[in-house]
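Q: Here it is: the structure, laid out below.
The values are calculated or read from the model by the stated rules, or taken from the named source; none is laboratory data. If you're wondering where the values come from, they're calculated on a predicted model, not measured in any experiment. Glycine gets a Cβ as well: all are built from the backbone with ideal geometry, and neighbour counts include every protein chain shown. Side chains included, ligands, DNA and RNA excluded: accessible areas come from the protein's heavy atoms. Shrake-Rupley method; radii C 1.70, N 1.55, O 1.52, S 1.80 Å.
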Amino acid sequence: MDYMVVYSSITGNTKKVATEIFSALPGMSKDMQSMTEYRGKDAEIFFIGFWVDRGTCDISVIDMLSELQGKKVALFGTCGLGSGADYYKSIEQKVKVWIPDDCEYLGAFLCQGKMPMQVRENYEIPMEDPRQEECRKKMLRNFDEGLFHPNDEDLERAREFVEQILGRI
């Protein structure tokens, strides 16, 4: 098999991006599975997807990345807490450290994703400290913006990411 897309998704954001990445991969020698379904199917190139958990990936992704040997690995993920090149770069740096040295790291794609409404309910509680209050308002704005992600533009960028990876290998 040429390609394996494996993803961890709680809210469906990362699954949506995984599906787009899978459809952008050429040929018939490819598969896609959630992290809970994956049972060690082999491939030459792995696209590993995750939802951002406190600035990094969840433990199931860490475990999988750590066990890969001699593979080509591309990462992708969705972030509820915001967007921006610097933020995405910091997440990428924290996740790619789990890729073994004998693997070839191909790059990462990250985009914003929506969060559950209960998160917004937590952000709606006013703060007494004015500095915290400004942060709370920023979090509310970010939450509301995230409701529209991943959007068509994000999915197009995911397809472009696949094209870039394939163009380099």
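Q: So which strands (runs of 3 or more DSSP E) stay within segment 1-107 end to end and still have 2 or more residues that are open to solvent by 40 Å² or more (accessible area, probe 1.4 Å) and in contact (Cβ under 8 Å) with a residue 40 or more places away in the chain? Quick ask: steps written out before the conclusion?
A: Details: elements: 3-7, 30-34, 45-51, 72-79.
Answer list for segment 1-107: none.
Q: Mind listing whichever residues of segment 113-139 are open to solvent by less than 80 Å² (accessible area, probe 1.4 Å), of a type outside the set (D, E, K, R) and farther than 30 Å from Glu44 by Cβ?
A: The answer is Met115, Pro116, Val119, Tyr123, Cys135, Met139.
Q: For residues that are out of contact with any Gly (no Cβ under 9 Å at 6 or more places or on another chain) and buried (at least 17 other Cβ atoms within 10 Å of the Cβ), tally how many sit in segment 140-156. Don't jump to the end; show me each part of the working.
A: From segment 140-156, those out of contact with any Gly (no Cβ under 9 Å at 6 or more places or on another chain) are 140-141, 144, 147-148, 151-153, 155-156; that's our starting set.
The next check asks that each one be buried (at least 17 other Cβ atoms within 10 Å of the Cβ); those that pass are 155.
Matching residues across segment 140-156 total 1.
Q: To continue, here is another question. Residues in segment 108-137 that are part of a helix (DSSP H, G or I) and closer than 27 Å to Ser8 by Cβ: how many? Break it down into steps so the answer makes sense when it comes.
A: Taking segment 108-137 and keeping what is part of a helix (DSSP H, G or I), we get 117-123, 130-137.
Restricting the remaining residues to those that are closer than 27 Å to Ser8 by Cβ gives 117-123.
Summing the residues that are part of a helix (DSSP H, G or I) and closer than 27 Å to Ser8 by Cβ in segment 108-137 gives 7.
Q: Where residues in segment 29-78 are of a type in the set (Gly, Ala, Ser) and more than 22 Å from Ser90 (Cβ to Cβ), which of them is modelled with the lowest pLDDT? Working first, answer last.
A: As a first pass, look at segment 29-78 and keep what is of a type in the set (Gly, Ala, Ser): 29, 34, 40, 43, 49, 55, 60, 66, 70, 74, 77.
Narrowing further to those that are more than 22 Å from Ser90 (Cβ to Cβ): 29, 34, 40, 43, 70.
Values: Ser29: 96, Ser34: 97, Gly40: 85, Ala43: 95, Gly70: 97.
Here the residue is Gly40.
Rundown of residues vs (1) more than 13 Å from the chain's Cα centre (by Cα); (2) more than 15 Å from Val6 (Cβ to Cβ), yes/no style:
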{"site": "Tyr38", "(1), (2)": "yes, no"}
{"site": "Asp42", "(1), (2)": "yes, no"}
{"site": "Phe50", "(1), (2)": "no, no"}
{"site": "Asp58", "(1), (2)": "no, no"}
{"site": "Val61", "(1), (2)": "no, no"}
{"site": "Leu81", "(1), (2)": "no, yes"}
{"site": "Glu92", "(1), (2)": "no, yes"}
{"site": "Val95", "(1), (2)": "no, no"}
